[in-house]
1. Which numbered condition in (1) surrounded by fewer than 17 Cβ atoms within 10 Å (Cβ to Cβ); (2) on the phi > 0 side of the Ramachandran plot is the only one that B:Ile109 fails?
2. Which of (1) surrounded by fewer than 23 Cβ atoms within 10 Å (Cβ to Cβ); (2) assigned to a loop (DSSP other than H, G, I, E, B); (3) facing another protein chain (nearest Cβ under 7 Å); (4) not charged (D, E, K, R) is the odd one out, the single condition A:Ser186 does not satisfy?
3. How many of the residues making up the stretch A:315-331 are more than 7 Å from chain B (Cβ to nearest Cβ) and without any contact (Cβ under 8 Å) to a residue 60 or more places away in the chain?
4. Take the stretch A:375-398 and flag every residue that is in a helix (DSSP H, G or I) and within 19 Å of A:Lys408 (Cα to Cα).
5. Taking the stretch B:355-367, which residues are exposed (fewer than 15 other Cβ atoms within 10 Å of the Cβ) and modelled with pLDDT under 95?
6. So if I check each of A:Ala225, A:Ala131, which one is among the hydrophobic types (A, V, I, L, M, F, W, C), assigned to a helix (DSSP H, G or I), at the interface with chain B (Cβ under 9 Å from one of its Cβ atoms) and touching a Leu at 6+ places or on another chain (Cβ under 7 Å)?
7. In the stretch B:279-292, which residues are within 7 Å of chain A (Cβ to nearest Cβ) and among the β-branched types (Val, Ile, Thr)?
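The values are calculated or read from the model by the stated rules, or taken from the named source; none is laboratory data. This one's a predicted model, so the numbers in the text were calculated from it and none came from an experiment. All Cβ positions, glycine included, derive from the backbone under ideal geometry; neighbour counts span all protein chains shown.
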2 protein chains.
Amino acid sequence: MKEIPKTKFKETAEQNQKQFFDYLRLESVSTQGRMISETAEFVKSMIEEFGGKAELLNNLGGHPIVYGFFEAGQKGNAEKTLLFYNHYDVQPEDPLDEWKTTPFEPTIIDEILYCRGVSDNKANFMARLNAIQLLNESEEGLPCKVKFLVEGEEEIGSPNIDLYLEKYADLFEADACIWESGSKDSEERFTIDAGIKGIAYFDAWVESADVDIHSSKGAVVDNAAWRLTHALSSLRTKDHQVTIDGFYEMMKPPTELERSFVEKIPFNADKLKENYGLKNPLIVEKMDRTPQEALILYPTLTISGLLSGYIGPGSKTVLPRKAQAKIDVRLVPGMDPNDVYKVIRKHWDKNGFNDVQLKLLTGEKSFRTDLSDPFVDIVLNSAKKVYGEDVVLNPNSPGTGPMHGFGKYLKVPILGSGTGWAKSGAHAPNENVRLKDFYQGIEHMVTLLSNFGS
Amino acid sequence: MKEIPKTKFKETAEQNQKQFFDYLRLESVSTQGRMISETAEFVKSMIEEFGGKAELLNNLGGHPIVYGFFEAGQKGNAEKTLLFYNHYDVQPEDPLDEWKTTPFEPTIIDEILYCRGVSDNKANFMARLNAIQLLNESEEGLPCKVKFLVEGEEEIGSPNIDLYLEKYADLFEADACIWESGSKDSEERFTIDAGIKGIAYFDAWVESADVDIHSSKGAVVDNAAWRLTHALSSLRTKDHQVTIDGFYEMMKPPTELERSFVEKIPFNADKLKENYGLKNPLIVEKMDRTPQEALILYPTLTISGLLSGYIGPGSKTVLPRKAQAKIDVRLVPGMDPNDVYKVIRKHWDKNGFNDVQLKLLTGEKSFRTDLSDPFVDIVLNSAKKVYGEDVVLNPNSPGTGPMHGFGKYLKVPILGSGTGWAKSGAHAPNENVRLKDFYQGIEHMVTLLSNFGS
């Protein structure tokens, strides 16, 4: 194929900036149900404006899924179909007071574009559309068929995606899938994920009384905050080992090929500490695993939220009647979210915490692509062409997504590619994408589609 | 003295109801600095309207203290002075959604008066003024001199009261003191406290990073919520024993006389559980002490608040960068708030929690009246006359107040008397006083002043 001049990626991005910014302004926070249907309609119309066909699927419950389709060009390979997976929903924008820009107003400062959802993952979707436009405008045209699946429940654990994948397996049929996400690491190496961890996310809570009680009664009366504190701390030692019977035992051991990729993954602890301003040593320093093994091959168990009693300024002397926590568990192959629920419940019951309630809010299984699949080489080679030789491949990402159903129903190899960098701040205030990474993301999609179709 | 007819207590209370309700409407939340100076002025003007002299003291910092003085009647004993201690400040009204009335609008439902601060302790102040009016209107007149000290920082631990007591020891000089509080227990026995526990109230917090981090990084990155959870649970076993070295060792052992009073205190666990809707057994069931000993003779260590990360509806997958707690410690004689700070700090440092910050917000020492003082009998006898034989005397209350400075600078015996009942809900939503208890409180103050002056 005739090389597209580098300047074209930026030019095209700038032509399409208005549409991109309008997309970013839509406050599509799925966990709060904000602007969901408007955003789904907007995604559909974008695909159509870029020359594709699109359709909303919403007959199986949950937020609408957008199906998109682009025909291969005259000179393209109509026998091959690449599926892009994206999501139009984003995380909540709080804590508001830590944003230096307005969360849903796209703002460029020093060649960095700030907006909630830009990195995770509206920019990735936009880069793909830009690439398709560039290829459609080229002499050769689009080198293969392209499909899109853009869902609206990724940030709440994609509770309905498997229903749609099962029912619409023919519609979404493809030879391979490019996942929604990807970023450069803290040393600017482009990173490709060939799988994903699963998740089990819980509400946990205790009610100890009908009313808040004067704290002087703490001599005889139990309180919800103490119960929850003890129940939580019983799940994991202060040296970070999960203490739940059967938790680690659920893990399916990784293959030798997977282990060999994990060994090659670079890891820079100092950079990580600097990027996040970490105050404490990494927890793996006290554990029997490398950071890479912890991130890729082991499950996690973390607290994402705590609330009980009075927490305003000054003192209020109460025994709280209720205490609540959010618990986030990341899963590796072999672990089922429902089984995680069961082992925690059993652990608490066994240790006298029957009064601590537990509810599974979202659950997804893990997935790893077979690393001997030829698609792995196609993606690795196109990435090396755009990003240089030191591209990193993770057998699975430390993060989560609904990949399991894609593997099960579409039977495709799945690899990630995206426009983030180490300080993109997905899920955090001041989420951002560097413009140069965005332009490079377009270039990578052009290159990958060309390699895939040829 | 000529008996005042029972009907007079209610009549007088009703005459003065407008003033009482205006007082209740003042939102004098000291921890938030709301309406403090207005309320102090209001208290001064009330004392004056009831025929006393009053003065605001505010030259030593903090919220103003109201000094009040009533001369003994012509036939009264001008050699004896009784000091009433009250406070005009109240607790915050949250959680708002649990009130069935408007928190600062006095509302009578079924002969119960609801309002924030009514039980703790605006009704007690009002009962005392009503009693003084009744005695002033009687043939004999007021049987002794009466002084008032009404402060505005009791609910934040009275940080400045000792300064005023030291400087104004002559102004507040008295033979004995009646404390601000008192109530009937769950079996309607009138209860008198001859002392008070101390308090050490802390902010505790951890910062683990500069930003909230995507929870998938929990494989390698520590988080503030885990740190705080482990630090807190290290302070007390799940069977409620405080594990801090030197904590229990600070206690001064109680005297035999004190122990003999504690043994006589009734305790009804079932009633307590019913009143508060307790879901769990009392914590003393697993401890080496009776409930009465726990409430009176032992210190407590409780969590009054927790906050970290995301706690809204649904899931947000973050590692919180910060976690906060409120810790409430109730002290018995021998324990100094600053020493409590030191032993917690030392415990955390020793156990690897140097990153957990601790700040003492309020501190007060404990106090117990010498139970062989004749004033103890005067109060017990007047109470038995009004409330019946089964009056209860606690060597100290399980609650807290700034009694230590009164003992130190004024050298007076101190006993409590108030108009609460078991469901008054001090510090909780729907705080209330039963009207019949309010009228009886007026009667008790009349009787006590008469016995004291004779």
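1. B:Ile109 satisfies all of (1) surrounded by fewer than 17 Cβ atoms within 10 Å (Cβ to Cβ); (2) on the phi > 0 side of the Ramachandran plot except (2).
2. Only one criterion is unmet by A:Ser186, namely (3).
3. The total comes to 0.
4. The answer is A:Phe375, A:Val376.
5. The answer is none; no residue qualifies.
6. Step by step, each of A:Ala225, A:Ala131 is checked, and only A:Ala225 is among the hydrophobic types (A, V, I, L, M, F, W, C), assigned to a helix (DSSP H, G or I), at the interface with chain B (Cβ under 9 Å from one of its Cβ atoms) and touching a Leu at 6+ places or on another chain (Cβ under 7 Å).
7. The answer is B:Ile283, B:Val284.
One line per residue, one yes/no per condition, for (1) under 22 Å from the mean Cα position of the chain (by Cα); (2) more than 8 Å from every other protein chain (Cβ to nearest Cβ); (3) surrounded by 19 or more Cβ atoms within 10 Å (Cβ to Cβ); (4) among the acidic types (Asp, Glu):
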| site | (1), (2), (3), (4) |
| --- | --- |
| A:Met250 | no, yes, no, no |
| A:Pro253 | no, yes, no, no |
| A:Lys264 | no, yes, no, no |
| A:Leu272 | yes, no, yes, no |
| A:Ala294 | yes, no, yes, no |
| A:Pro313 | no, no, no, no |
